[in-house]
1. If you wrap a convex hull around the alpha carbons of the stretch 3-142, what volume per residue comes out, as a whole number of Å³?
2. Return the single residue from Y133, Y23, Y79 with maximal mean-square fluctuation; model: Gaussian network over the chain, springs between Cα atoms under 10 Å.
3. Taking only DSSP H segments of four or more residues, each worth -39500 (n - 2.57), what value at 222 nm results for the chain once the sum is divided by all its residues, to the nearest 500 deg cm²/dmol?
4. Can you tell which of H81, G43, S115 lies farthest toward the positive end of the dipole of the stretch 18-121, using +1 and -1 charges on the Cβ of basic and acidic side chains (Lys, Arg; Asp, Glu)?
5. Do any trypsin sites (Lys or Arg not before Pro) in the stretch 38-137 lie in a loop, going by DSSP, with at most 15 other beta-carbon atoms within 10 Å of their beta carbon, and if so which?
6. Magnitude of the Cβ-charge dipole of the chain, K/R +1 and D/E -1, about the Cα centre, nearest 20 debye?
7. Between rounded, prolate and oblate, where does the stretch 4-56 land on the alpha carbon gyration tensor, with a ≥ b ≥ c its root eigenvalues, rounded for a/c under 1.5, else prolate if a/b exceeds b/c?
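FYI, it's all coordinate maths here, none of it is from the lab. Predicted model only: the values in this text are computed from it and were never measured. Glycine gets a Cβ as well: all are built from the backbone with ideal geometry, and neighbour counts include every protein chain shown.
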Amino acid sequence: MKKIAILHGPNLNRLGKREPEIYGTATLRDLEKLIRAEARRLGLAVTFFQSNHEGALIDELHRLADRGVDGFIVNFGAYSHTSIALRDALASTSRPAIEVHITDIKQREPFRRHSMTAGACVAMISGRGFPGYLLALRRLAKV
């Protein structure tokens with residue numbers, strides 16, 4: 001069974017509370033439930049990790065790669081726009097990754113319009129809300 005890891009960065013633990021006019025009222029737990037259901041349908045195993053700390057995300061990428069995960073779905077939150085370290089860590093895994101953003105980063109503030117980490121990914125899905133994660137899961141199922 002193919003194993004996909006979903007990593008969430010800073011403030012995603014605040015989904016449902018953080019700026020509901022932008023991110024909606026559904027929680028991270030709601031998102032994980034949605035992803036689990038789709039993973040079962042696709043015959044995939046999924047794991048989840050969320051941290052507000054850059055180093056913890058890097059450590060988890062390395063740990064999962066060393067344990068044989070087949071691919072990643074990542075939403076590094078604000079770190080997507082600033083972290084060369086996360087980009088390098090993701091590239092070092094030699095695993096396919098898809099970056100997902102709930103909102104359309106191209107329509108947000110200028111500092112959010114470029115992703116540093118997307119260059120280490122096979123694709124980026126932006127602005128599709130929670131269903132963007134399901135699109136990423138389906139794509140990784142085919143890789």
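1. On the way: hull volume 12.7 nm³, N = 140.
That works out to 91 Å³ per residue.
2. Y23
3. Details: 5 runs with 53 residues, N = 143.
Result for the chain, helices only: -11000 deg cm²/dmol.
4. In the stretch 18-121, that residue is G43.
5. Numbers: sites: R40, R41, R63, R67, R87, K106, R108, R112, R113, R128; in loops: R67, R108, R113, R128.
Listed in order of number, the matching sites are R67, R108, R113.
6. Working: 22 positive and 14 negative charges, 102 e Å.
That gives the chain a dipole magnitude of about 500 debye.
7. Values: a/c = 3.64, a/b = 1.33, b/c = 2.74.
The shape class here is oblate.
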